[in-house]
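The values are calculated or read from the model by the stated rules, or taken from the named source; none is laboratory data. Treat the numbers as computed from the prediction; the structure is a model and nothing was measured. Quick reminder, even Gly has a Cβ in these numbers, built from the backbone with ideal geometry, and neighbours come from all protein chains shown. The protein model used for the area step is the full one, side chains on, heavy atoms only, and it has no ligands, DNA or RNA in it. Shrake-Rupley method; radii C 1.70, N 1.55, O 1.52, S 1.80 Å.
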Amino acid sequence: MKDSELEEVEINLVLETLRLRHGYDFRHYAQASLRRRLRSLQHLFGLKHLVDLVPRLLRERDLLSKVLAGLSVPMTEMFRDPAVFLALRQEVVPLLRTFPQINIWQVGCATGEEAYSLAILMAEEGCLFRCQIYATDINDAALATAEEGVFPARKMALYGDNYRNAGGTGKLADYYHHHMDFVQMDPTLRRSMVFAHHNLVSDGIFCEAHLVVCRNVLIYFDRHLQAHCFALMKGSLVRGGCLCLGSRESVEGTVVERDFQAINKAMRIFRLRPRGSTP
Ligand SMILES: C[S@@+](CC[C@H](N)C(=O)[O-])C[C@H]1O[C@@H](n2cnc3c(N)ncnc32)[C@H](O)[C@@H]1O
């Protein structure tokens with residue numbers, strides 16, 4: 001058996017252990033990045049062979065959260081890709097205003113920066129008081145950071161630039177308190193935010209949403225899992241609700257393509273068509 005074939009067998013054994021022992025199914029994640037992250041876990045735990053993870057995953061309960069954190073990529077920024085937030089402010093908020101209550105499901109929130117950015121945007125548009133932001137992820141360590149809303153102060157210069165380019169109408173510093181080398185997000189934002197564990201692979205619809213934001217998550221999945229997630233997000237949207245995928249993913253060429261009309265093609269922002277209306 002070639003080394004690459006052996007590695008394939010080891011990967012499959014680890015993934016099956018995660019699935020059968022812990023109920024986490026990574027079989028439909030994009031292979032190349034999954035393989036890279038499994039190799040870094042092997043180094044992190046000082047394992048001679050990847051397959052040595054199997055007995056540890058079977059017996060050590062505490063290991064699961066570390067493995068999940070290692071397999072997820074919680075890279076994020078406040079107002080990441082500012083043009084997407086500008087489009088949300090200019091083209092989506094006017095539609096959201098027509099609903100008496102606005103639920104936003106932010107899928108794959110990582111450490112929460114994107115959810116806080118959405119809360120700031122909604123506050124500046126005068127809608128936060130009737131808005132609930134549900135931000136979900138499978139990475140519990142990242143969710144704990146999101147709950148705290150504490151971020152390194154050194155990142156604020158970049159986030160401030162993003163905020164201005166995203167059409168921010170005030171100063172980003174108005175939304176956090178500075179303590180030494182970290183900042184604490186203003187607790188008034190948190191009143192409209194809920195962070196929760198949710199697995200796109202195995203869990204159902206999280207809430208009835210008027211806007212679903214899912215950026216830089218589906219790129220880690222294969223076509224099969226992407227199709228499943230699109231159906232889940234479509235199922236959670238009210239008629240006339242919006243889906244924001246950002247610059248790297250699209251509904252085009254997927255099973256739900258005909259259900260959505262583009263609001264902003266470049267930023268991949270779509271609106272669920274009214275029932276019975278055809279493209
Ligand atoms: C690169 S981050 C994206 C963060 C943010 N949306 C952004 O664009 O800045 C991808 C996130 O997707 C999460 N994720 C991966 N698989 C998931 C799953 N099955 N269910 C829910 N979240 C998942 C990861 O834990 C990670 O936090």
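Dividing the mean sequence gap of close Cα pairs (under 8 Å, 6+ apart) by how many residues the range 72-125 holds gives a relative contact order of 58 percent. Only Lys, Arg, Asp and Glu carry charge here, each on its Cβ (+1 for the first two, -1 for the last two); on that basis the chain has a dipole of about 460 debye about its Cα centre. Comparing 197, 179, 28 in a Gaussian network model of the chain where C-alpha atoms under 10 Å apart are linked, the largest mean-square fluctuation is found at 179. Ordering 14-23, 224-233, 1-10 by mean Cβ neighbour count within 10 Å, with the highest value first, yields 224-233, 14-23, 1-10. With all pairs of different C-alpha atoms in the average, the Kirkwood value for the hydrodynamic radius of the range 3-71 is 12.0 Å.
Sequentially through the range 139-149, phi angles give Karplus couplings (6.51, -1.76, 1.60; θ = phi - 60°) of 8, 5, 5, 5, 4, 5, 5, 4, 4, 5, x Hz, Gly and Pro residues having no value and appearing as x. The residues of the chain expose on average 47 square angstrom of accessible surface per residue, using a 1.4 Å probe on protein heavy atoms. Axis of helix 3-22 versus longest Cα principal axis of the chain: the two differ by about 60°, to the nearest ten degrees. The H on the amide N of residue 273, modeled in the peptide plane, is under 5 Å from the matching H of 260, 261, each at least 5 residues off or on a different chain.
Here the relative contact order of the range 29-132, from alpha carbon pairs under 8 Å that lie six or more residues apart, stands at 25 percent. Using a cutoff of 8 angstrom between alpha carbon atoms and counting only pairs six or more residues apart, the relative contact order for the chain works out to 18 percent. In a DSSP loop and with at most 16 other Cβ atoms within 10 Å, the trypsin sites (Lys or Arg not before Pro) in the range 222-279 are 248, 265, 275.
Entry note, the chain: the mean residue ellipticity at 222 nm calculated from DSSP H runs of n ≥ 4, each adding -39500 (n - 2.57), is -11500 deg cm²/dmol after division by the residues and rounding to the nearest 500.
Between amide H atoms placed 1.01 Å from N, distances below 5 Å from residue 135 occur with 106, 194, 195, 196, all of them 5 or more places distant or on a separate chain. Counting lysine pairs in the chain that sit 8 or more residues apart in sequence, or on different chains, and whose Cα atoms lie under 20 Å apart gives 4. Here the chain has 52 percent of its accessible surface on carbon and sulfur atoms, given a 1.4 Å probe and all protein chains in place.
Let a ≥ b ≥ c be the square roots of the eigenvalues of the Cα gyration tensor of the chain; is it rounded (a/c under 1.5), or, if not, prolate (a/b larger than b/c) or oblate? Oblate, because a/c is 1.5 or more while a/b does not exceed b/c.
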